[in-house]
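Here's the structure we're looking at; comments come further down.
The values are calculated or read from the model by the stated rules, or taken from the named source; none is laboratory data. Every value quoted in this text rests on a predicted model; they were computed, and no experiment measured them. We place every Cβ from the backbone using ideal geometry, glycine too, and count neighbours over all the protein chains shown. Just the protein is used for accessible areas: all its heavy atoms, side chains included, with ligands, DNA and RNA removed. Shrake-Rupley method; radii C 1.70, N 1.55, O 1.52, S 1.80 Å.
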Amino acid sequence: MAKNRGAIIAVALVAAAGFGLAAAKFGGSGDTVLRVANQKGQVKSMMIASGVLKDAPYEVEWSEFPAAQPLLEAVGGGAADLGLAADAPFIFAYQSGSPVKAIGVQAPFAQAGEALAIVVKNGSPARSVQDLIGKSVATTRGSIGHHLLLQALERAHIPADRVRVTFLPPGDAKAAFDSGAIDAWSTWTPYTNVAIKEGARAVVDAKDYGLPVYIDIAHSDSIGPKRALLADFLQREARAVEWARAHPDEFAQVLAKETGLPIDIARASFDRNNRVAQPIDGKIIAHEQDIIHRFQKAGLTEGKRPVADAFDRSFGKSG
């Protein structure tokens, strides 16, 4: 009996030692929670569906947001450690002084149509960006929709002030679009999917301009104390992205349950938002520099912070 008791104690000591090593790796008992801001239809559903967090030696606390702007406000304000958002709102927030850093990048797997678009009602006479001159276009300030509008106007050599831009969050923009209070809506999946299913059509499609990349964004003060958690989460997120690509129907089921979207809209959202992890490199930084240049030309930011300083490349070297 004493021998058995000794074996039990030995096993308990080994387990305790293992827990201690895990706690040490992930910052100790006071830092075993990672607060992740989630945008509708983005990371959380993918992580749940793939099961990649089941054995994580830390807890993930999720917070939900309808668009990138409030998500970035949460990360920049220190209410969350990490969040995924597209390229334009990230660099717009950074240039506005937000204490955020890009620590990972995900690029579109394919140039999917209507993943990001400027849509109009089916009965609208508008057929191109030129037809939007003097019209009202709703979007979110500093968003990928806002940037797409600036890209389209730039390519058509139309000054940005020739279009009346109304800045609205997605829910309010949809209500204004449905009621006819605005002429067009520059938005992204899943909102494009819903609008097109309800009869809207795209007059500008981002697949013709280069789809946005998505960025894992951390609060600057979280990077030091939670580096191990952040690095581990990025590796699990990359596995979840690969899993979703191999199991799109299973992922769509979870996405529909998490977001309340109809299953066909959830599946279309994945098809139009299929991403693959890639390293932070010079092309990504140049891409962000081009975005901020467009915002500068439109008088929306001074763009004084060096764009390269917005990126922390060390996470790509830690895995």
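To put it simply, the accessible area of the chain at a 1.4 Å probe is 55 percent carbon and sulfur.
At q = 0.17, 0.21 Å⁻¹ the log10 of I(q)/I(0) for segment 218-319 amounts to -1.00, -1.05, computed by Debye summation with a single uniform scatterer per C-alpha, solvent ignored.
Label-to-label distance for Arg141 and Glu250 is 4.4 nm, based on points extended 7 Å past Cα in the beta-carbon direction.
A compact globular protein would have a Cα radius of gyration near 2.2 N^0.38 Å; the ratio found for the chain is 1.11. Pairs over the 21 Å Cα-Cα cut-off, from the set Lys54/Lys101; Lys101/Lys226; Lys101/Lys304; Lys207/Lys283; Lys197/Lys257; Lys207/Lys257: Lys54/Lys101; Lys207/Lys257. Spin-label pair Val33-Ala107: with each label point 7 Å from Cα along the Cα-Cβ axis, the two points sit 3.8 nm from one another.
Counting Lys +1, Arg +1, Asp -1, Glu -1, what net charge surrounds Leu116 among other residues with beta carbon under 14 Å of its beta carbon? That works out to -2.
Beta bridges from DSSP with both residues in the chain: antiparallel share about 60 percent, rounded to the nearest 5. Its Cα centre serving as origin, segment 76-186 has a Cβ charge dipole (Lys and Arg +1, Asp and Glu -1) of approximately 180 debye. With all protein chains kept in place, the per residue accessible area of segment 211-313 amounts to 46 square angstrom at a probe of 1.4 angstrom. Can you pull the Rg over Rh of segment 106-216, Cα-only, Kirkwood? Computed over Cα atoms, the ratio is 0.93.
Compared with the direct C-alpha span, the chain from Arg127 to Asp221 gains 29.1 nm at full extension, assuming 0.36 nm per residue. A simple charge model with +1 on the Cβ of Lys and Arg, -1 on the Cβ of Asp and Glu and nothing else charged puts the dipole of segment 165-310 at about 160 debye relative to its Cα centre. Each label was represented as a point 7 Å from its Cα along the Cα-to-Cβ direction; for Asp281 and Ala160 these points are 3.0 nm apart. Say the dipole of the chain comes from +1 at the beta carbon of Lys and Arg and -1 at that of Asp and Glu; which of Phe90, Gln235, Val33 then lies farthest toward its positive end? In the chain, that residue is Gln235. A dipole drawn for the chain from +1 and -1 charges on Cβ atoms has a positive end, and of Ala112, Tyr209, Ser314 the residue lying farthest that way is Ser314. Between segment 206-234 and segment 138-193, the C-alpha centres lie 25 angstrom from each other.
Based on the reciprocal of the average 1/r between different C-alpha atoms, the Kirkwood radius for segment 265-319 equals 13.8 Å.
In this Cβ point-charge picture (+1 for Lys and Arg, -1 for Asp and Glu), the chain has a dipole of about 300 debye about its Cα centre. For segment 48-167, the per residue solvent-accessible surface stands at 39 Å², with DNA, RNA and ligands left out and a 1.4 Å probe.
For segment 252-296, compute the orientation-averaged projected area of the C-alpha convex hull (one quarter of its surface), in nm².
The number I arrive at for segment 252-296 is 4.8 nm².
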